[in-house]
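Trainee: Sharing a structure below in structure tokens format, with a few things to ask.
The values are calculated or read from the model by the stated rules, or taken from the named source; none is laboratory data. Remember, it's a predicted structure, so these values are computed and weren't measured experimentally. Methodologically, a virtual Cβ is constructed for each residue, glycine included, from the backbone with ideal geometry; neighbour enumeration extends over all protein chains shown.
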Amino acid sequence: MTQDQFWEDYELPEDEEESWEELQKEEKSAFIACLVKQGQSDPEVDSALDELERLADTAGIAVLGRYTQKRSQPERSTYFGKGFLEDLSTRMFQVKADLLIVNDELSPMQGRNIERDFQIKVIDRTEVILSVFHDHAHTKEAKLQVKLAELQYQLPRLRRLWGHFDKERGSARSTGGSASRGMGEKQIEIDKRLIRKQIRRINRAIDQITAHKETQRKQRENSNKICLVGYTNAGKSTLFNRLTDAGVLVEDRLFATLDSTSRQLKLSTGAPAVLSDTVGFISDLPHHLVASFRATLMEAMDADLLLHVVDISDKRHEYYVEQVNKVLLSIGADKIDQVMVLNKCDLVANSLSTMLSKYYENAVSISAAKNQGIDALLSKIEEMLLNTRRYRLHLPYSQNALVSRLHEIGNIETEDYRADGIYLQVILGARDKHLIQPYIIADEAELEHNPLT
Ligand SMILES: Nc1nc2c(ncn2[C@@H]2O[C@H](COP(=O)(O)OP(=O)(O)OP(=O)(O)O)[C@@H](O)[C@H]2O)c(=O)[nH]1
Ligand SMILES: [Mg+2]
């Protein structure tokens, strides 16, 4: 069954599709603010706020001012200090700013206290990201995953998220302050129950999608699975189109891609390969989103090789690489081989891209948009896939056929038939690693530290 057929036959959980709300399009204005911790440099803080401003802009919010407060720890009950918030409240009133956006995740209590004590509507970075994701979710899979993340964010807060249209009042009810205020305890319990029920329903639906993808994956077992990963806006989709002629959406905005697309990739070695484009990462990606996007992120977790796309025209590329690796670690994809794809080389001096391709391991510098360096990238991919390694395996006797296959395609160094199964030490090309993945008990790096006799 193809992906499209699956969706045609697939029934969304009742009402999920009808209840999908387009976000309110009315332009809003905001102040953005963050805490500056000891040791944080000005450029660091500026970049972080630049990114928040870009996120806000993508979400349709114009930023009127930025403010910082030096503090080693957030204030427990209001995040910022009282004087700072009073000052902000006055300034926001003067310029008629609608919202305060905090560059962090506020606890439900902090959000409520700020709104109640200082009469400002406040939203946090997570909520802005959720609203961008909401706007950009077009497929059923993306919508389900976004909805799940929203509900999980909403559950402890019990208020509608920013930008969601309030049908009863005909306006965006963006104040959390009014959320549970006036709502009886009983009503809150009912709401919580309903939200939990909806979360369970969507989780079940996403499990079905994941199971379906798992079946698809099995059908592709004989192909090398390559997945594009990278910070949002790095140029993953542009490269995907360049390599596969797929024509997926490319845009100069954050999170243009929210779901994954896979296409055959032609390698000169003739080895079958499938390339997947997927959702981009950002620093401090809300954990609700990572968990909810499990169906989409599976492509990355499951790949034989990752193409880590980096926008080297951005000064902060090193930081982005770090952040992407952090997300990869959190989804258990940190051990997968990476080709560092240094993209947008057309925007930087040759000397810089040459230097960076030496600085990063397994790096190729390219311009996906200008079609430069693509052949070198393909050669690098082939080289990495052919790359051989030594593995120690433990296979059940039922996998006898696989053992015979390994004799054909790999170099078996030791073979030990024991009561609990077959123990092998084998040298194998990375392109065949997926065949043995479930049975690996140690790979080359571990074997070096722990040589087997
Ligand atoms: N100058 C230049 N621009 C590029 C290059 N590659 C991509 N871009 C631009 O960068 C922007 C983002 O490109 P996408 O391919 O949508 O980036 P992405 O990584 O898929 O982004 P998300 O899906 O949002 O995570 C677009 O405006 C592209 O035209 C390049 O090699 N050179
Ligand atoms: Mg994209």
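Trainee: Which residues, counting only those in region 217-236, are over 15 Å from Ser276 (Cα atoms), in a loop (DSSP other than H, G, I, E, B) and more than 15 Å from ligand 1 (Cβ to nearest atom)?
Mentor: Result: Asn222, single match.
Trainee: Within region 279-294, identify whether any single residue is at pLDDT 95 or above and either aromatic (Phe, Trp, Tyr) or away from ligand 1 (no atom under 13 Å from the Cβ) (or both), and answer yes or no.
Mentor: no
Trainee: Can I ask one more? Name the residue that is nearest to Leu243 (Cα to Cα), counting only residues in region 269-310 that are of a type in the set (Asp, Glu) and buried (at least 20 other Cβ atoms within 10 Å of the Cβ).
Mentor: Only one residue tops the list, namely Asp277.
Trainee: Tally the residues that are outside any helix (DSSP H, G or I), more than 22 Å from Arg431 (Cβ to Cβ) and out of contact with any helix residue (DSSP H, G or I) (no Cβ under 9 Å at 6 or more places or on another chain), restricting the search to region 345-374.
Mentor: 1
Trainee: A further question on this structure: So, in region 292-325, exactly how many residues are aromatic (Phe, Trp, Tyr) and more than 25 Å from Val146 (Cβ to Cβ)?
Mentor: Qualifying residue count for the region: 1.
Trainee: A follow-up question, please. Is there a residue in region 157-172 that is modelled with pLDDT of 80 or more and buried (at least 21 other Cβ atoms within 10 Å of the Cβ)?
Mentor: The answer is no; no qualifying residue exists.
Trainee: Run down Glu383, Glu361 and say which single residue is within 24 Å of Asp302 (Cα to Cα) and either β-branched (Val, Ile, Thr) or surrounded by 12 or more Cβ atoms within 10 Å (Cβ to Cβ) (or both).
Mentor: Answer to the selection: Glu383.
Trainee: Every residue in region 77-88 that is more than 34 Å from the chain's Cα centre (by Cα) and either touching a residue at least 24 places away in the same chain (Cβ under 8 Å) or loosely packed, with under 13 Cβ neighbours inside 10 Å (or both), please.
Mentor: If the condition is that a residue be more than 34 Å from the chain's Cα centre (by Cα) and either touching a residue at least 24 places away in the same chain (Cβ under 8 Å) or loosely packed, with under 13 Cβ neighbours inside 10 Å (or both), then Lys82, Gly83, Glu86 are the ones that fit.
Trainee: Taking the stated definitions as given, is Ala369 among the aliphatic types (A, V, I, L, M) and touching a Gly at 6+ places or on another chain (Cβ under 8 Å)?
Mentor: Considered against the rule, which asks whether it is among the aliphatic types (A, V, I, L, M) and touching a Gly at 6+ places or on another chain (Cβ under 8 Å), Ala369 comes out as yes.
Trainee: OK, next. Residue under question is Arg204, and the condition is that it be surrounded by 15 or more Cβ atoms within 10 Å (Cβ to Cβ), more than 8 Å from ligand 1 (Cβ to nearest atom) and basic (Lys, Arg); does it hold?
Mentor: no
Trainee: Would you pick out the residues in region 244-259 that are within 12 Å of ligand 1 (Cβ to nearest atom), modelled with pLDDT of 85 or more and closer than 22 Å to Asp302 by Cβ?
Mentor: Within region 244-259, Phe255, Thr257, Leu258 meet the criteria.
Trainee: Taking the criterion of being surrounded by fewer than 17 Cβ atoms within 10 Å (Cβ to Cβ), of a type in the set (Ser, Thr, Tyr) and not assigned by TED's automatic domain parsing to the domain that holds Leu328, would at least one residue in region 401-416 satisfy it?
Mentor: The answer is yes; a qualifying residue exists.
Trainee: Let me ask another. If you go through region 237-248 one residue at a time, how many are within 12 Å of ligand 2 (Cβ to nearest atom) and part of a loop (DSSP other than H, G, I, E, B)?
Mentor: Going through region 237-248 one residue at a time, the tally reaches 2.
Trainee: Another question about this same structure. I'm checking my understanding of the structure. Among residues of region 249-268 that are over 19 Å from Leu285 (Cβ atoms) and buried (at least 16 other Cβ atoms within 10 Å of the Cβ), which one is farthest from ligand 2 (Cβ to nearest atom)?
Mentor: Here the residue is Leu267.
Trainee: A further question on this structure: Quick check on region 271-291: of everything there that is part of a loop (DSSP other than H, G, I, E, B) and touching a Ser or Thr at 6+ places or on another chain (Cβ under 7 Å), which residue is farthest from Asn103 (Cα to Cα)?
Mentor: Pro272
Trainee: Then there is this: Collect the residues in region 332-344 that are among the charged types (D, E, K, R) and either out of contact with any strand residue (DSSP E or B) (no Cβ under 7 Å at 6 or more places or on another chain) or not in a loop (DSSP other than H, G, I, E, B) (or both), keeping them in residue-number order.
Mentor: Correct list: Asp334, Lys335, Asp337.
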